[in-house]
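Scroll down for the structure; my scribbles are underneath it.
The values are calculated or read from the model by the stated rules, or taken from the named source; none is laboratory data. It should be emphasised that the depicted structure is a prediction, and the values quoted were computed from it without experimental measurement. Glycine gets a Cβ as well: all are built from the backbone with ideal geometry, and neighbour counts include every protein chain shown. In case anyone asks, the SASA skips ligands and DNA or RNA and just uses the protein heavy atoms, side chains included. Shrake-Rupley method; radii C 1.70, N 1.55, O 1.52, S 1.80 Å.
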Amino acid sequence: QSVLTQPPSASGAPGQRVTISCSGSSSNIGNNPVIWYQQLPGTAPKLLMYNYSQRPSGVPDRFSGSKSGTSASLAISGLQSEDEADYFCAAWDDSLDGVVFGGGTKLSVL
Amino acid sequence: QVQLVQSGAEVKKPGASVKVSCEASGYRFTDYYIHWVRQAPGQGLEWMGFINPSRGSTSYAQKFKGRITMTRDTSTSTVYLEVSSLRSEDTVMYYCARGNWGPHMDVWGKGTTVTVSS
């Protein structure tokens, strides 16, 4: 049981827009920045988004992030087949005094 | 370029210990924390803790306190994760990742598979 809650799966057709949610509490998302990671099959996770909506160099602007209260969202527009991956949200939890992850969302591009 | 190179796969018996290494290169070793994150087959990511290579100070997730030890060797820019009293549930991939004190991890190692089996 993960501290942050994500839907187990999401899907969309090429070119469409899909949103992945991440729900937490006041001790994590509500009070700390959210990070998003992308994990392609058989590879290590890759930093995708930090401070809710900042993208590292090399991450296309098709990816965007937002936060509202104790929830965060990752949006992917103009879906491409290469976006098929697992997506994880993460945040610092003040009560647990550590990093917590969401359970991950498997994105399928139909 | 910045990279983290992890040691190779391990097979251990239940009750044994394992020590996994993570060698950093391409940046000043003491400028960034090193986190350890593990992932069971087909499962999500689980944070284990981090070490500050500059001071050697550590922070462990509550679940692993008493069973893991993170150390560093500044002369070789290498961080180590030791897990003791191994059980079948410890059959996972262990990743090291460079970051700050929080969840921002910008460079990851390729992972080390540890299999616990009698």
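Among the residues of region A:96-110 satisfying the criterion of being surrounded by fewer than 24 Cβ atoms within 10 Å (Cβ to Cβ) and part of a strand (DSSP E or B), which is farthest from the other protein chains (Cβ to nearest Cβ)?
A:VAL109
Which count do you get for residues in region B:52-69 that are within 23 Å of A:TYR37 (Cβ to Cβ), under 13 Å from the mean Cα position of the chain (by Cα) and not in a loop (DSSP other than H, G, I, E, B)?
So the count comes out to 5.
In region B:28-51, what residues are in a loop (DSSP other than H, G, I, E, B) and either under 18 Å from B:TRP108 (Cβ atoms) or within 13 Å of chain A (Cβ to nearest Cβ) (or both)? Walk me through how you get there before you give the answer.
Within region B:28-51, the first condition is being in a loop (DSSP other than H, G, I, E, B), and the residues that meet it are B:28, B:32, B:40-44.
Once the filter is applied, which keeps residues that are in a loop (DSSP other than H, G, I, E, B) and either under 18 Å from B:TRP108 (Cβ atoms) or within 13 Å of chain A (Cβ to nearest Cβ) (or both), region B:28-51 yields B:TYR32, B:ALA40, B:PRO41, B:GLY42, B:GLN43, B:GLY44.
Every residue in region A:66-95 that is in contact (Cβ under 8 Å) with a residue 60 or more places away in the chain, closer than 19 Å to B:PRO103 by Cβ and more than 7 Å from chain B (Cβ to nearest Cβ), please.
Those that are in contact (Cβ under 8 Å) with a residue 60 or more places away in the chain, closer than 19 Å to B:PRO103 by Cβ and more than 7 Å from chain B (Cβ to nearest Cβ): A:TYR87, A:CYS89, A:ASP93, A:ASP94, A:SER95.
Tell me the residue from B:SER25, B:SER21 that is surrounded by fewer than 13 Cβ atoms within 10 Å (Cβ to Cβ) and within 23 Å of A:THR43 (Cα to Cα), please.
Values: B:SER21 fails: surrounded by fewer than 13 Cβ atoms within 10 Å (Cβ to Cβ).
Exactly one residue qualifies, and that residue is B:SER25.
For the list (1) within 14 Å of chain A (Cβ to nearest Cβ); (2) of a type in the set (Lys, Arg); (3) open to solvent by 20 Å² or more (accessible area, probe 1.4 Å), I need the number of the one condition that B:ARG55 fails.
Exception for B:ARG55: condition (1).
If you go through region B:93-113 one residue at a time, how many are open to solvent by 10 Å² or more (accessible area, probe 1.4 Å), not hydrophobic (A, V, I, L, M, F, W, C) and not in a strand (DSSP E or B)?
Qualifying residue count, region B:93-113: 5.
Of the conditions (1) within 20 Å of A:LEU4 (Cα to Cα); (2) charged (D, E, K, R); (3) in contact with a Lys or Arg (Cβ under 8 Å, 6 or more places away or on another chain), B:ASP106 clears all except one; give me its number.
(1)
Being at negative phi and surrounded by fewer than 18 Cβ atoms within 10 Å (Cβ to Cβ) is the filter here; which residues of region B:29-43 pass it? Please lay out each step first, then the result.
Applying the first criterion (at negative phi) to region B:29-43 yields B:29-41, B:43.
B:THR30, B:ASP31, B:ALA40, B:PRO41, B:GLN43, listed by residue number.
Out of region A:12-54, which residues are over 14 Å from the mean Cα position of the chain (by Cα) and farther than 19 Å from B:GLU46 by Cα? Steps first, answer last, please.
First pass over region A:12-54, keeping only residues over 14 Å from the mean Cα position of the chain (by Cα): A:12-17, A:25-28, A:30-32, A:41-44.
Hits for region A:12-54 are A:GLY12, A:ALA13, A:PRO14, A:GLY15, A:GLN16, A:ARG17, A:SER26, A:GLY30, A:ASN31.
All but one of (1) surrounded by 15 or more Cβ atoms within 10 Å (Cβ to Cβ); (2) modelled with pLDDT of 95 or more; (3) assigned to a loop (DSSP other than H, G, I, E, B); (4) not hydrophobic (A, V, I, L, M, F, W, C) hold for B:ARG72; state the number of the condition that does not hold.
(3)
Against the definition (in contact with a helix residue (DSSP H, G or I) (Cβ under 8 Å, 6 or more places away or on another chain) and over 14 Å from B:HIS35 (Cα atoms)), how does B:VAL83 come out, yes or no?
Taking the combined requirement at face value, the residue satisfies it.
Taking only pairs six or more apart or across chains, which ones have beta-carbon atoms under 6 Å, a first residue in region B:97-113 that is more than 9 Å from chain A (Cβ to nearest Cβ), and a second residue that is among the polar types (S, T, N, Q) and surrounded by fewer than 20 Cβ atoms within 10 Å (Cβ to Cβ)?
Correct list of pairs: B:THR112/B:SER7.
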